[in-house]
Every structure is written in C-alpha cells, then in structure tokens.
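The values are calculated or read from the model by the stated rules, or taken from the named source; none is laboratory data. Since the structure is predicted, the reported quantities are computational estimates derived from the model, not experimental observations. Ideal geometry is used to build each Cβ from the backbone, glycine not excepted, and the neighbour counts take in all protein chains shown.
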Amino acid sequence: MTLLDFGAQPRKDTHDEHETEGHGGKHDDGRYSSRRHEGYRSDCFEPEGRDDEGGRRVHETQVKVKEGMEKAMRTAEDLVSFGQGNLEAMLKSSQIWAAGVQDLSKQMAASAQASFDETMSTFKAMATVKSLKDAMDLQATLARATMEKTLAESGKLTDASFKLTEQAIAPITARVSLAVEKFAKSA
C-alpha cells in the first residue's frame, strides 16, 4: 500500500533546477536527486494542499488517541479497584455469616442441652411417683414446658437469623449502592 492509495499527491519539486524532466540528476554540491516523473518527486508524498493542516490534524489525532488511552486505563484501573472492593465485601460478608452461624449453633446446642437436662430430671421424678395420676401430671407438665421453650427458642433463633442475614448482607448492599451511584454518574 502506498501513500497514493490514501489520496496523497506527489509534491512538485521546485528546487531541483539541475535535473531534466523524468530523470534523476547530480546537483552542483555533489548529491543526487531522486528520479522524477512529470515534474513531481516520487519519494516525497504529502496530501495535496495540506502541509500545515495535515500536521495539525495528525497532532490532534495523536492527542485524542492519547487522551482516549489514558481514559481507558483509568477506567480499567477503576474496574479493577471496584472488583477488589467487591471481593473484600464478599469476604467480610462471609466472615460475618460464619461467625453468626457459629453463634446460632451454640445457642441451638445450649437450648438442646437445657431441654435434655429438663427431660432427664422429669424422667427421674417419674421413677419416684406413686400413682398414675402423678406420672400423667409430670408428663403433661414436661410436654407443656417443652412446647413453650421450643416456641420461645425458635422465635429467638428466627430473630437472630434475620439479624445475622442483615449483618452479613450489609457489606454487599453497600457495594451495590456504590455501584449504582458510580454508574449513574457515568451514564
């Protein structure tokens, strides 16, 4: 591909006075000029009539390309930074969730242990009863107490689970809010 393919025209050679039309020649100072064809130098192509304007346009294009590349690099850096922040939020959320699940497990284990202890004490008391009515009363009391404690404990665990979920999702929610805010500005 040559410059002629882009619409460039050969520049007229106005200072090669010693050459004949269509041939290269030797100047008085000993240097050789390029081959000529129809009064134009074949080794120097410039857009026709755009010596200064062409240079200015090339410079403007270079400046725009440089600005575009800098903007692209800043955008890439922002995306990497944003992704890193997302990863940190996920890690923090996971840590909160793991700690919360561990606490919930401890609460459930403590509740189960208390229920087991109460059941064992009721069975010990049943071994000492003297009548069927007393055994039925102890059994009814145990069932009522177990039901009340189960409902109370499940309510506590439900509340604790909701609080844990809110705490664990807070870092992720903050990142989503930041993303919406950041992308709303750029749009």
### Message
With the structure loaded, tell me whether residue 31 is outside the structural domain of residue 173 (by TED's automatic domain parsing) and at pLDDT below 85 or whether it fails that test.
### Response
yes
### Task
Name the one entry in 87, 142 that is out of contact with any Lys or Arg (no Cβ under 6 Å at 6 or more places or on another chain), hydrophobic (A, V, I, L, M, F, W, C) and touching a residue at least 12 places away in the same chain (Cβ under 8 Å).
142
### Query
So residue 111 fits all but one of (1) out of contact with any Asp or Glu (no Cβ under 6 Å at 6 or more places or on another chain); (2) part of a helix (DSSP H, G or I); what number is the exception?
(1)
### Message
Among the listed residues 101, 129, identify the single one that is surrounded by 13 or more Cβ atoms within 10 Å (Cβ to Cβ) and outside any helix (DSSP H, G or I).
### Response
129
### Task
Kindly indicate whether residue 101 is under 21 Å from residue 165 (Cβ atoms) and not hydroxyl-bearing (Ser, Thr, Tyr).
yes
### Message
Give all pairs with beta carbons closer than 6 Å in which a residue from the range 157-179 that is in the same structural domain as residue 99 (by TED's automatic domain parsing) meets a residue that is of a type in the set (Lys, Arg) and surrounded by 14 or more Cβ atoms within 10 Å (Cβ to Cβ); count only pairs at least 6 apart in sequence or on separate chains.
### Response
171/92
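Conditions tested, residue by residue: (1) assigned by TED's automatic domain parsing to the domain that holds residue 155; (2) touching an Asp or Glu at 6+ places or on another chain (Cβ under 8 Å); (3) modelled with pLDDT of 90 or more; (4) polar (S, T, N, Q).
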| position | (1), (2), (3), (4) |
| --- | --- |
| 94 | yes, no, yes, yes |
| 98 | yes, no, yes, no |
| 106 | yes, no, yes, no |
| 127 | yes, no, no, no |
